[in-house]
Amino acid sequence: MEASERGYRAVTVADIVRRAGIARSTFYENFSSREDCFLEAQKYAMSAALEQVIAAAGEIEDWPQRVEAGLAAFLAYIAREPALARTCMVEALAAGPAAMQSYEESLQSFVSLFRLGRDVSPYGGELPEALEEALIGGVFWILYQRLSLSEAEQIEELLPELVEFTLTPYLGAEAARRLATTKAGPNRGTEMYG
Amino acid sequence: MRDPINPSVESPEYPPELARLPPGRHGLPREFVARNQRERLIAGLAEAVAENGYSGTTIAHITRHAAVSRRTFYEHFNSKDECFIAAYDTVMTELNRRVGEAFEQQEEWPQAIRAGLAAMLEFLTSEPHLARLSMVEALVAGPVVVERYDAAIQSLVPYFEAGREGRSDEVLAGLSSTTEEALVGGIVSLISRRIFADRTEELEALLPDLVEFALTPYLGSAEAAKVARAA
């Protein structure tokens, strides 16, 4: 993960093979170029992160708990794999259109998770169309800032405020705060919201 | 391409300075010519980047669009990166000025946020090349620009923080230290992604959604929607 230390633009194929301890020919047996290698790393990291999110949140019926579990799994992945996370969320923005496209796709998979909140929201039908995109954009921006500053180890501490931020438009500030600050318990039913 | 400094003057291909400045001996003071050339190079870079992307842009592209010699380019800038930074700063200064003015003209904070966002969207829609340069290509243009990009986005945070003033304890308890950062990041991300997808002309239609998104943490959904959808 040479890119996460020096920035994508500065990394050469020579750096990558030296770091990976492989021959240059081996590199070219696996990847056609530095771009290709970067895109593979990005794709790998994103599907790994999404797998964790789905494993943690996919089965949960209650939507706020599902969001919380999903975000928690995402932050945990970033904290565990800061170099890969930087590649996806920071370097991807500097690596050109294909990497941006892939970044865009990972963002969209969160959009569908958040959109389910409309079903339990008292404002459901009236919420702005672009809400989910803006919310995820905001969450990603915060994570991007922390990763740019190499603060990956503190990233899990952001969970309560990110949960509150994302739940507020659906459930109102008061319910969102209550849900973000209480640890998930068995008595939190859908009837509480709104 | 319009002159970012003087948007009322329109010229299909070149910034207006070119039309006003005939080639050859014109007896203009040296600094005026130099300033003019610099502006032309900046405008030339914006056109070249719109055409080829940042990575695909060469100094030859820039000088051709600016209609100046390669030597002139190097009198003003040491590299493509340096020229890009100058262009980026020019665009952001103009964008910030417009947003600031629109914001200041309103008495009430929710209306000020609405006016500021409207000014931003209007500028970006009317200048699609500059929109792409500042919101998409900037991220590809190396660490110096990325740092400025980050700083430019963070500089919008105080506009939103102003919304905390006079709110009830209950509302304030619902805001965290990162609320404003997340709002700004969400807004910029939404805008950038439209520009990235070549859907810049749709930006102005996003205004009500962005206003509602920005105001909800402070005013609640119902009140935020009212301001967002007011004509």
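A compact table of results
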{"item": "Of residues in segment A:1-14 being surrounded by fewer than 17 Cβ atoms within 10 Å (Cβ to Cβ) and either at pLDDT 70 or above or over 27 Å from the mean Cα position of the chain (by Cα) (or both), the one farthest from the other protein chains (Cβ to nearest Cβ)", "result": "A:ALA14"}
{"item": "Number of positions in segment B:173-220 that are out of contact with any helix residue (DSSP H, G or I) (no Cβ under 6 Å at 6 or more places or on another chain) and polar (S, T, N, Q)", "result": "1"}
{"item": "Qualifying position, being within 14 Å of chain B (Cβ to nearest Cβ) and among the β-branched types (Val, Ile, Thr), among A:VAL17, A:VAL67, A:VAL111", "result": "A:VAL111"}
{"item": "Criterion violated by B:TYR149 - all others in (1) under 23 Å from A:PRO122 (Cα atoms); (2) more than 8 Å from chain A (Cβ to nearest Cβ); (3) not acidic (Asp, Glu) satisfied", "result": "(1)"}
{"item": "Residues (closer than 13 Å to B:ILE191 by Cα and surrounded by fewer than 21 Cβ atoms within 10 Å (Cβ to Cβ)) located in segment B:122-135", "result": "B:GLU122, B:THR125, B:PRO128"}
{"item": "Enumeration of residues in segment A:153-178 that are at the interface with chain B (Cβ under 7 Å from one of its Cβ atoms) and β-branched (Val, Ile, Thr)", "result": "A:THR168"}
{"item": "Sole residue being buried (at least 21 other Cβ atoms within 10 Å of the Cβ) and among the basic types (Lys, Arg), chosen from B:ARG98, B:ARG148, B:ARG114", "result": "B:ARG114"}
{"item": "Residue match in segment B:172-186 (condition: within 21 Å of B:ALA46 (Cβ to Cβ), at the interface with another protein chain (Cβ under 7 Å from one of its Cβ atoms) and under 18 Å from the mean Cα position of the chain (by Cα))", "result": "no"}
{"item": "Residue match in segment A:37-57 (condition: acidic (Asp, Glu), farther than 26 Å from A:PRO169 by Cα and over 18 Å from the mean Cα position of the chain (by Cα))", "result": "no"}
{"item": "When residues of segment A:20-35 are limited to those that are among the charged types (D, E, K, R) and exposed (fewer than 13 other Cβ atoms within 10 Å of the Cβ), the one nearest to B:PRO143 (Cα to Cα)", "result": "A:ARG24"}
{"item": "B:GLU51 being in contact with a helix residue (DSSP H, G or I) (Cβ under 6 Å, 6 or more places away or on another chain), acidic (Asp, Glu) and outside the structural domain of B:THR200 (by TED's automatic domain parsing)", "result": "no"}
{"item": "Test: residue in segment B:158-168 that is at the interface with another protein chain (Cβ under 9 Å from one of its Cβ atoms) and surrounded by fewer than 22 Cβ atoms within 10 Å (Cβ to Cβ)", "result": "no"}
{"item": "Residue count for segment A:138-153, restricted to those that are in a helix (DSSP H, G or I) and either among the aliphatic types (A, V, I, L, M) or more than 15 Å from A:GLU81 (Cβ to Cβ) (or both)", "result": "11"}
{"item": "Subset of segment B:203-224 [among the small types (Gly, Ala, Ser) and closer than 23 Å to B:ARG193 by Cβ]", "result": "B:ALA205, B:ALA214, B:ALA224"}
{"item": "A:LEU131 within 12 Å of chain B (Cβ to nearest Cβ), under 19 Å from the mean Cα position of the chain (by Cα) and crowded, with 22+ Cβ neighbours inside 10 Å", "result": "yes"}
{"item": "Segment B:71-83 residues that are part of a loop (DSSP other than H, G, I, E, B), paired with ones that are of a type outside the set (S, T, N, Q) (beta carbon under 6 Å, 6 or more apart)", "result": "B:PHE77/B:CYS83"}
{"item": "Test for B:LEU183: is it in a helix (DSSP H, G or I), free of Cβ contacts under 8 Å to residues at least 40 places away in the same chain and buried (at least 18 other Cβ atoms within 10 Å of the Cβ)", "result": "yes"}
{"item": "Filter pass, A:GLU81 being at pLDDT 85 or above, under 14 Å from the mean Cα position of the chain (by Cα) and buried (at least 22 other Cβ atoms within 10 Å of the Cβ)", "result": "no"}
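The values are calculated or read from the model by the stated rules, or taken from the named source; none is laboratory data. Predicted model only: the values in this text are computed from it and were never measured. Methodologically, a virtual Cβ is constructed for each residue, glycine included, from the backbone with ideal geometry; neighbour enumeration extends over all protein chains shown.
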